[in-house]
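Beneath this line is the structure, given in structure tokens, with notes to follow.
The values are calculated or read from the model by the stated rules, or taken from the named source; none is laboratory data. Quick caveat: nothing in here was measured; it's all calculated off a predicted structure. A quick note on method: Cβ atoms are made from the backbone with ideal geometry, for glycine too, and the neighbour counts reach across all protein chains shown. The area values use the complete protein model at the heavy-atom level, side chains included, leaving out ligands, DNA and RNA. Shrake-Rupley method; radii C 1.70, N 1.55, O 1.52, S 1.80 Å.
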Amino acid sequence: MIALIHNMLAVNPVALPALRIAATFFFIIYLLFGAYIFRNRHRFFDRDPNVDNDIPAVRKVRIEVVAIPWLVVTTLILILLISFWLA
């Protein structure tokens, strides 16, 4: 993976600082979006009176369906961003 990043950066090393800053900026926006979802989790994932059999177990699964992929993607993006800064 690191070799792929080095090959991509070998094309134009002048653009490297701008790409690092842009990637970091968009990662921060991504984290702020996750914080927004977390702060408003009760509005998004709490009991819905329009849904039949909306039990706590179903609500917990709804949170997991969003949280687990978000955490996995966040970890992958962070690893790539760190390798990008170290390139």
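Annotation note: Cβ proximity below 9 Å between a residue of the range 47-62 that is closer than 21 Å to I37 by Cβ and a residue that is of a type in the set (K, R) and open to solvent by 100 Å² or more (accessible area, probe 1.4 Å) (sequence gap 6+ or interchain) occurs for D54/R47; P56/R47; R59/R47. Could you tell me whether any residue of the range 45-57 is closer than 30 Å to I21 by Cα, open to solvent by 90 Å² or more (accessible area, probe 1.4 Å) and more than 10 Å from the chain's Cα centre (by Cα)? Within the range 45-57, not a single residue is closer than 30 Å to I21 by Cα, open to solvent by 90 Å² or more (accessible area, probe 1.4 Å) and more than 10 Å from the chain's Cα centre (by Cα).
For the range 39-59, the candidate set comprises residues that are assigned to a helix (DSSP H, G or I) and either modelled with pLDDT of 90 or more or among the aliphatic types (A, V, I, L, M) (or both); within that set, the residue that is nearest to I77 (Cα to Cα) is R39. Filtered by the rule that a residue be surrounded by 12 or more Cβ atoms within 10 Å (Cβ to Cβ) and either at pLDDT below 85 or among the hydroxyl-bearing types (S, T, Y) (or both), the range 60-79 gives a lone residue, T74. Of all residues in the range 6-37, those satisfying the criterion of being open to solvent by 100 Å² or more (accessible area, probe 1.4 Å), at pLDDT below 85 and in a helix (DSSP H, G or I) are N7, M8, V14.
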